[in-house]
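The values are calculated or read from the model by the stated rules, or taken from the named source; none is laboratory data. Bear in mind the structure is a predicted one, so any value in this text is a computation, not a measurement. Cβ sites come from the backbone with ideal geometry, for glycine too, and all protein chains shown count toward neighbours.
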Amino acid sequence: MNAVPGDALGRATLCALMSSNGMQEEQIFQLTFKSDGPVRGCVAIVNGRGEAKGYVGNPSLGDDFTLQEAIGTGTVQVVKNHPDWPNPYNGITQIRHSDIDRDVGIYLAESEQRSCALAAATSFNGILCTAAGGYLVERLPDCSPDTMNHMERNLAKLIEMNGEDGESLPTNLMLEGKTPVDIASVLLDGLGMEPLNQVKPSPKCQCSEEKLIRSLVLIPREEVDTILREEGKVEARCEFCGKVYIMGPEEVEKKLAQVKGDASIDSEWENEEFKKEES
């Protein structure tokens, strides 16, 4: 992935992790930038354990575009879901700045009525991401004007420490060795900061051969037979991690014969072969 799409994905993933902080482990937070720029959209999905995955439509986009040009115009869409919820929560706002973090801040203010100071950025050396970080400070309803003024002074101090390049905040500090706790200590200096829950983010893709079979079950059987007849195999590539799954006609027939229940409903889906493999 080149630097510009990498920056878009990095910022989106950071914003998704910070905006969803504190949710239950099983809860899913999906942030989508559906835009008309040459990066062709950006998606980041995280859960309450800090596991994250995402993709951009055009990971090979060159460096002759700025991030704003790469994103273009469109919408910021958020979907929150939990296995126990009857329906997911959906929110949407317009893209105003095309730099990811400010647009997510606008979404939080307009769609969820959350007053936040949010920044996220990455640093790249060629195609190598050397730093990626951000912060989100949220104003609670009982916050006093004096506390807000103190917080604004701390924020100005952090910006000064990061250097003149405001768009890189806070990656310059991270490149100097500052940790997330160090950055939080500057932001909340004089406000009695006490670190509580700390989560270590990690990349995690849930793709599997079983999900491929479930997808095949959900399309008409004649379409599956046409693919096997014309291609001699079923091939699928995960858009998140890039892993490729290939199955021949005999394997497809065998696994489809083992399917039980409704593949569109998790609680009713059964596949004895995959249960054996998992055990």
Inset, instruction - Just give me the residues in the stretch 236-272 being modelled with pLDDT under 80 and within 29 Å of residue 54 (Cα to Cα), in sequence order. - result: 262, 263, 264, 265, 266, 267, 268, 269, 270, 271
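Looking only at residues in the stretch 150-181 that are in a loop (DSSP other than H, G, I, E, B) and touching a residue at least 12 places away in the same chain (Cβ under 8 Å), which one is surrounded by the fewest Cβ atoms within 10 Å (Cβ to Cβ)?
Step one: list which residues in the stretch 150-181 are in a loop (DSSP other than H, G, I, E, B), which gives 163-165, 169-170, 176-179.
Add one more test, that the residue is touching a residue at least 12 places away in the same chain (Cβ under 8 Å), and what stays is 169-170.
Working: 169: 22, 170: 25.
It comes out as 169.
Which of the residues belonging to the stretch 197-252 are within 21 Å of the chain's Cα centre (by Cα) and not in a loop (DSSP other than H, G, I, E, B)? Give the derivation first.
Quick first cut of the stretch 197-252, residues within 21 Å of the chain's Cα centre (by Cα) only: 197-208, 211, 237-243.
Listed by number, the residues that qualify are 202, 203, 211, 237.
Run down 210, 194, 222 and say which single residue is over 30 Å from residue 14 (Cβ atoms), without any contact (Cβ under 8 Å) to a residue 24 or more places away in the chain and not hydrophobic (A, V, I, L, M, F, W, C).
Details: 210 fails: without any contact (Cβ under 8 Å) to a residue 24 or more places away in the chain; 194 fails: over 30 Å from residue 14 (Cβ atoms).
Being over 30 Å from residue 14 (Cβ atoms), without any contact (Cβ under 8 Å) to a residue 24 or more places away in the chain and not hydrophobic (A, V, I, L, M, F, W, C) holds for just one of 210, 194, 222, which is 222.
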Legend entry - Extreme residue, nearest to the chain's Cα centre (by Cα), among residues of the stretch 183-194 that are exposed (fewer than 14 other Cβ atoms within 10 Å of the Cβ) and under 18 Å from residue 159 (Cβ atoms): 191
